Amino acid sequence: MWRVAAVRALRGGGAGVSRAASGAAEAQLRRRLENELEDIRGAGTWKSERVIASRQGPHLRLAGGGAGIINFCANNYLGLSSHPEVIRAAVEALEKFGAGLSSVRFICGTQSIHKDLEEKIAHFHQREDAILYASCFDANTGIFEALLTPEDAVLSDELNHASIIDGIRLCKANKYRYKHMDMQDLEAKLKEAQKHRLRLVATDGAFSMDGDIAPLREICQLAQRYDALVFIDECHATGFLGPSGRGTDELLGVMDKVTIINSTLGKALGGAAGGYTTGPKPLIDLLRQRSRPYLFSNSLPPAVVGCASKALDLLMESNAIALSMAAKTQRFRSKMAAAGFTISGKDHPICPVMLGDARLASVMAEDMLNRGIYVIGFSYPVVPKGKARIRVQISAVHSDEDIDRCVEAFTEVGRKHGAL
Ligand code: PLP
């Protein structure tokens, strides 16, 4: 109907003057959008989406064929996305608490399971309280504006995730961007920021493109010296970094020095969706009053809450899953290095195979899929020019044989395309 009316309006028939005018505007918009899309294709940065016809897991079936594909590109670090107990918990929550709340939290969207999950998250991170969001993207866009005023300052690593960058854009604090993990630059910026009332250093705990881990010990020392608070985004750390999977702060022994943690329920913790902030109680109380993505967006659906809650139970019972993932990461990293590849980062299940050339990364990723290995090539503008790579992500549910097949395929494909 809409299309027919628009076409009529474009032809000047039947829809009246205002419709014809908006038809012309729409035609202009379409031309502009098509040009922009063409530019993206021309720049070689078009992102196409492969359709998966099975559950998320180490082995996938792709729509239109491709069964038995070994998957190395999900953030399913602990393999909980399709864990039978996680699925059962979701079904039980769905049956008991319904499909959804049809409401934001403060009107009539809070159930006992939301409160229980918030308590569990705070307990897991050893913090005072926690608040749930529909995603960590929302948690990141909701925190800075609620917390910081024009009297304050935020100091952000230049390679922080897009959602931190957007969250900082939304706030009125004074903004400082320090060079990636460069402590000299952070110190210089902290000195400059002494004139403000409050300073907040914001960093990813683990950076998703490089698999590198923020030098939190040094960051916390500088924060102490220059009277600043530390915020970390733990999306690629929660559940598996540190002796009991608490994250980067546990790994680096600074759990008592990091004030605020944002993280996701959509990666290692069951992979469904959702995010959270955990930290001091007055901060969480303030977010419930002021944080816009929390106040003006629907509550997390019960099935999603059920998944995350069960994932946390499994992690708090034992760290066997996280240890298994760490062993597989080690196996992949050492075998790839022995084969002659350069893998960025250290000890993290994000294993970027550094290739340099964008075309090489894309052709090799395609050829890996022909050999049944699903990996993704990243190039500019997602990563800096000349630093194209194929990102491999290891999961606890990969078998040793899966890892070895991946290394063999990389070796064959790398030789074929001159990367080795
Ligand atoms: N922060 C980081 C570092 C991420 O990698 C992501 C997801 O890609 C997010 C935040 C957003 O998380 P969510 O998917 O829960 O919105």
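The values are calculated or read from the model by the stated rules, or taken from the named source; none is laboratory data. The structure presented is a predicted model; accordingly, all values stated were derived computationally and were not measured. So basically every Cβ, Gly included, is an ideal-geometry build from the backbone, and we count neighbours across all protein chains shown. Quick note on the areas: whole protein, heavy atoms, side chains included, nothing else; ligands and nucleic acids left out. Shrake-Rupley method; radii C 1.70, N 1.55, O 1.52, S 1.80 Å.
Per-residue accessible area (protein heavy atoms, 1.4 Å probe) orders 161, 83, 123 as 123, 161, 83, starting from the largest. Its alpha carbons give the chain an Rg and a Dmax of 23.4, 72 Å. Tally the DSSP beta bridges in the range 84-317 and give the antiparallel ones as a percent, rounded to 5. The answer is about 40 percent antiparallel. Here residue 376 sits with roughly 50 square angstrom of accessible surface, probe radius 1.4 Å. The label point for residue 415 and the one for residue 41, both projected 7 Å from the Cα toward the Cβ, are 3.8 nm apart. By a 1.4 Å probe calculation restricted to protein chains, residue 144 has an accessible surface near 0 Å², given to the nearest 10.
If both residues of a DSSP beta bridge must be in the chain, then about 55% of such bridges are antiparallel.
On a per residue basis, the chain carries 47 Å² of accessible surface, using protein heavy atoms and a 1.4 Å probe.
Per-residue SASA remark: residue 324, around 40 Å² accessible (1.4 Å probe; ligands, DNA and RNA not included).
Pairs of Lys residues in the range 84-317 that lie 8 or more places apart, or on two chains, and have C-alpha atoms under 13 angstrom apart add up to 4. Here is how the number arises for the chain: DSSP H runs of 4 or more residues each give -39500 (n - 2.57), the sum is divided by the residue count, and the result at 222 nm is -14500 deg cm²/dmol. Sorting 96, 328, 175 on solvent-accessible area from highest to lowest, probe radius 1.4 Å, gives 96, 175, 328. With contacts taken as Cα pairs under 8 Å at a separation of at least 6 residues, the range 84-317 carries a relative contact order of 31 percent. Taking a ≥ b ≥ c as the square roots of the Cα gyration tensor eigenvalues, with a/c under 1.5 meaning rounded and otherwise prolate when a/b beats b/c, else oblate, which class fits the range 97-142? Here the range 97-142 falls in the oblate category. Accessible surface of the range 84-317, 1.4 Å probe: 51 percent of it comes from carbon and sulfur atoms. Each distinct pair of alpha carbons in the range 329-420 adds a 1/r term; the inverse of their mean, the Kirkwood radius, is 13.0 Å.
Computed from Cα atoms alone, the Kirkwood hydrodynamic radius reported for the range 84-317 is 17.8 Å.
Note on residue 115/residue 151: beta-carbon distance plugged into 1/(1 + (r/R0)^6) with R0 of 25 Å gives a FRET efficiency of 0.15.
Scanning the chain for GluC sites (Glu not before Pro) that sit in a DSSP loop and have at most 16 other Cβ atoms within 10 Å, the longest stretch containing none of them is 159-420.
Rounded to whole numbers, the Karplus 3J(HN,Hα) couplings from phi for the range 385-401 are 4, x, 10, 4, 7, 10, 8, 10, 10, 8, 10, 4, 8, 6, 8, 4, 5 Hz, using 6.51 cos²θ - 1.76 cosθ + 1.60 with θ = phi - 60°, and x at Gly and Pro.
Under the convention that each Lys and Arg Cβ holds +1 and each Asp and Glu Cβ holds -1, the size of the dipole of the range 84-317 around its Cα centre is about 620 debye.
Counting only protein chain heavy atoms and rolling a 1.4 Å probe, the accessible areas of 120, 335 rank, largest first, as 335, 120.
With 0.36 nm allotted per residue and the present C-alpha distance subtracted, the residue 385-residue 54 stretch has 115.7 nm of extension available.
Computed extension gain for residue 169 through residue 316, at 0.36 nm per residue and net of the alpha carbon distance, reaches 49.3 nm. Here's the picture: charge each Lys and Arg Cβ at +1 and each Asp and Glu Cβ at -1 in the chain, and of 112, 321, 196 the one pushed furthest to the positive end of that dipole is 196.
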